[in-house]
1. List the helices (runs of 4 or more DSSP H) that sit entirely inside the range C:80-195 and contain at least 2 residues that are under 30 Å from B:Gly96 (Cβ atoms).
2. Residues D:Gly57, D:Gly74, D:Gly82: which one is surrounded by 22 or more Cβ atoms within 10 Å (Cβ to Cβ), within 16 Å of D:Pro38 (Cα to Cα), over 15 Å from the mean Cα position of the chain (by Cα) and in contact (Cβ under 8 Å) with a residue 24 or more places away in the chain?
3. Let me confirm something: among A:Gly131, A:Gly62, which residue is in contact with a helix residue (DSSP H, G or I) (Cβ under 7 Å, 6 or more places away or on another chain), within 30 Å of C:Gly252 (Cβ to Cβ) and either small (Gly, Ala, Ser) or more than 9 Å from every other protein chain (Cβ to nearest Cβ) (or both)?
4. Return the residues of the range B:25-36 that are surrounded by fewer than 20 Cβ atoms within 10 Å (Cβ to Cβ), on the phi < 0 side of the Ramachandran plot, touching a residue at least 24 places away in the same chain (Cβ under 8 Å) and not aromatic (Phe, Trp, Tyr); say none if nothing qualifies.
5. State whether the residues of the range A:44-51 include one that is on the phi < 0 side of the Ramachandran plot, free of Cβ contacts under 8 Å to residues at least 24 places away in the same chain and facing chain D (nearest Cβ under 7 Å).
6. Report the residue count in the range C:299-330 for those that are more than 28 Å from C:Arg31 (Cβ to Cβ), more than 14 Å from chain B (Cβ to nearest Cβ) and touching a residue at least 60 places away in the same chain (Cβ under 8 Å).
7. Given (1) away from every other protein chain (no Cβ under 14 Å); (2) buried (at least 22 other Cβ atoms within 10 Å of the Cβ); (3) not small (Gly, Ala, Ser), identify the lone condition not met by D:Arg93.
8. Among strands (runs of 3 or more DSSP E) lying entirely in the range B:87-190, which contain 2 or more residues that are closer than 25 Å to B:Val253 by Cα, out of contact with any helix residue (DSSP H, G or I) (no Cβ under 8 Å at 6 or more places or on another chain) and not charged (D, E, K, R)?
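The values are calculated or read from the model by the stated rules, or taken from the named source; none is laboratory data. Nothing here was measured: the structure is a model prediction, and the numbers come from that model. Backbone-built Cβ (ideal geometry, glycine too); neighbour counts: all protein chains shown.
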Amino acid sequence: MSLTWEPKIVGFACQWCTYAGADLAGTSRLQYPATVRPIRVPCSGRVNPAFVLRAFQRGADGVLVAGCHPGDCHYTTGNLFTRRRYSLVKRFLEYLGMEPERFRVEWISAAEGKRFAQVVQEMTADLKQLGPNWKMRETT
Amino acid sequence: MNPLVPQVATIKNIVVETPDVRTFVVEPDHGQTFAYRPGQCAMVSVFGVGEAMLSISSTARRGGPLEFSVKRVGRVTGALHEAEPGHRIGVRGPYGNHFPVEDWAGSNLLFIGGGIGLAPLRALINHCLDERRRYGKFDIIYGARSPQDLCFQGELMENWPRAEDVGVHLTVDAADGDWKGAVALVPHFLEKLGPSPEGTTAITCGPPIMIKYTLASLKKLGFSDHQIVTTLELKMQCGIGKCGRCNIGSKYVCVDGPVFTYAQLKELPQEY
Amino acid sequence: MKFIAAAKLPLLLERLGRHSQVYAPVAVDGRVWLSPWTGEDIAGGYVNPVNSLKTLVYPQTEAVLEFEGGETDVTVREASPPAPQVIFGGRPCDAAGLDLIARVFMEGPFVDELFRRRREATTIMTVACRQAAPSCFCRAMGLSPASERGSDVLFFPGPEGYLVEALTEAGEQILEQAAGLLDDATGDQARRACQELPVPLAGDLNTVRLTPEEGFEHPYWEHLARRCRSCGTCTYLCPTCYCTALFDVTRGTRGRRLRGWDCCQFKDFLLMAGGHNARPQKKQRVRNRFLHKLSYHPANYGEQACVGCGRCVDNCPVCLHMAGVLKDLGEVERA
Amino acid sequence: MSERESRLRSLAEELLASGQVRTFIGFGPGYEPSRPLPWFAQDPAGAAQLLLNPFCGATLARYLLDDGSPGPVGVLARGCDGLGIERLLADRRVSRDRVHVVGVTCRGAVDPDKAYREAGDTPLSAELEGERVLLTTASGTREFPRASCLYDRCLSCADPSPRWADDWLDEPLPPGKREFPDVAGLEQQDADRRYAFWTRQFSRCLRCHACRQACPACHCVSCSLDHPEWLDGGISLDNNFMYHFTRAYHVAGRCIACGECQQACPAQIPLMLLNDKFMRDIRDLFGVCHPHRPQEKEPLGQFCPDDPEGWREGGAQP
């Protein structure tokens, strides 16, 4: 591992809440590491669990799925399905041997720029401790 | 040399034939275009998308670059249709047998094409026109879904009708306002024209369903199994008889075909 | 004829491992696989490894070429040549199977370079059989537990070690590397024991030639195919099945064209972009598999494409296998 | 011939003769007595060959998807077959009026490979008696423990009988409870060891689709695992992780725990350890008592307003 290694985080962000929250973090000039690659999705319910695995496969060191708080979904119930789904997926990934720190699910509203910055900071620190991810990652 | 590795080639020109058919004029970047005969095919790759077996629609003896006339149906053909002149693709071949033109000296030739099936026939027709004296009368029957789906309109409307003793008969499945020609499916149209089997070889190429009924119509008109030549198409991957895919019984379309006489077809299981 | 003591076998493999990748039979979770060998216990007492020799000489996926660049400036490179490898512990049926598909790749108007290169980089050290499973029918296919076809070196297991016989030049070269580990053989009981080992499913199936006229439309195929689940167990385990597909895998501006096993029992095997499928029905696909082995391949190569290894017999979840088909055809019975 | 077997034959004969069904799916004679084959009787003569004995192994529900069977179709159903049929009905792949279910209570099927290993010879017949299996070979009859002779999938079975049937061959037994001791065992290891375990399992995968093709819940007309956008054909550890993650997740909340996937796997990958993990977590997190029995609404097709956030509760540990 080189000294300049920085983790890569793929962050799936719901466009109504978390993506706006990330924007707010930026416009509020909050400092957080440039480790996250946000991918805007219409709803956290859009995030097929295969996307998470694909991210790890293609070299992500951590994956974040983030959306509106339960009850606040733009589509009323999308994130409630997300909650069920990722409750299982999170546990399943760990069951397959992935470290818990590498995958996080968070509710971050459009007003929570600070929360977004904090999650990225925490995750980055955790991943720096762990080092690069090689599990489930393609080799070529 | 690994036969599965294609030559890199450049698309020099693209001719829009119909709304979903384009002709790609292709030249290899290094070395020569391989020698080929009418009816043969080549594997064309779009790197990152994959390969497809395409029939060569140009005529080798005219000396020009390779031409592939391609209908947009799937991933590779879709990617080709997105391509522009200057793009690089892969080409390997030639594959398969060819039309047995040497057996046809003195014979009348009846070409029956449907849709994009005219692509290999175009290579053949131009090949035979260049040695016009060797054969008897030419008749070209060609059908498409609609008038705008007729491929190679320049040749169909201009070059071929003007050639010596060549009849061009066009039909469409569904006409539009300006169409003055026949409206019929190819097999029906063929039966209505009723060409005589006497001293004639019929060569047909088109979608599987058209071939099936055209073969029946030709039989009805009295053509013998040996007078009928057709081409088959099956899913192919390697083109060199190794991938075990395009078999019909013990024959592989990629090496033993794509050209079969009806007599040969009858020896094979009906599974194509 | 030479002899190697059982205790010296790891030394031999270690020595060969200096210049080649060595594969040997290793037990993984209770079943024996031909695996990359790094000093593990060499398994004995198995009838046949789960994976046949085919899997190592004709890998499930391999690169054909690499490409790089964009639409207008792509460059293409052939895949790099394979490293030398030595495979110890395959059985004579599998070695014969490998030779059988080698003819497909090496004969005809085109030579398959990928296969040729890897086969030439491979030395096959086969171990003859001292025991047979109920599913074995090599003798019925014209082979035996001591067949030489396809092997470079043949080992005959005995109580203290193996009789060793080089069958090809490559085999002799490899035994030269074994100097000091081999003794002169003092008898050939081990060889005779293998040669005389009875095999459960008998009959002379090697002469069965099904022609399409005989049975293409026979209701038997419908009857047989009903229970097929259209998975790839039989073809992927079979030492003589060789169907493949080519596909591109791209990352950014670089990519590889891979060749990977495919299976004629999958419903989309012959599906073309336009929607045409020459064998959409299960019956057609099952029939094609058996007729390919019993009729089409013999028409092209003069021999049946089956070596009687018994893997389909042991592994098909619904017992749709070659021994059964041959039995149905009245050509095989339990000895 | 057992009483149940003769009852099965006469019932199937009756159903076929009266035209109530046009095909009857059960088991029939195979190449050896210990391996009966899935059997498709279309006339009374076919029905007369039906078998019902402890060697009847493979599950049958998925054959209802074959359009080759002229319907309506009668089918022999043990507990696993019954849940499979329910699965297909719930997924609207089969319509109720096209199946006639003949229920039978099953106490486990004898694995002919295990029986061969135990008895040291080809088994000719088997009988289940409580915790023992009586195996008969050419050299006589001997007794073996149930656990060493039955298919793995039968040892953890909680559903000896289907939950309903149109006809019964015997008295149904009440369902039991499915427990997940192996899942808990694996969870106790650390992440790296769990990863090493699955790496060893998945690196054997041949991607032959035997698991998918055996599964009554895996019946999509077009499967994402066949589409290169989702999974290319390259056999690599990462792709195999993708394969098994996707397969298991797609049957999460829909798996009927028949274990046929694992039974069919030629590489002996313990697939039920994946399915069971989802089942156990669905039970623990969402309070679904028996996640493997098809219900009105699937666990992942619904939610409760007060569902827990499963990722906050200590990950892999229950």
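1. C:92-106, C:113-120
2. The conditions single out D:Gly74.
3. Criteria check complete, one pass: A:Gly62.
4. Matches in the range B:25-36: B:Val25, B:Glu27, B:Pro28, B:Asp29, B:Ala35.
5. yes
6. So the count comes out to 2.
7. (2)
8. Hits in the range B:87-190: B:88-95.
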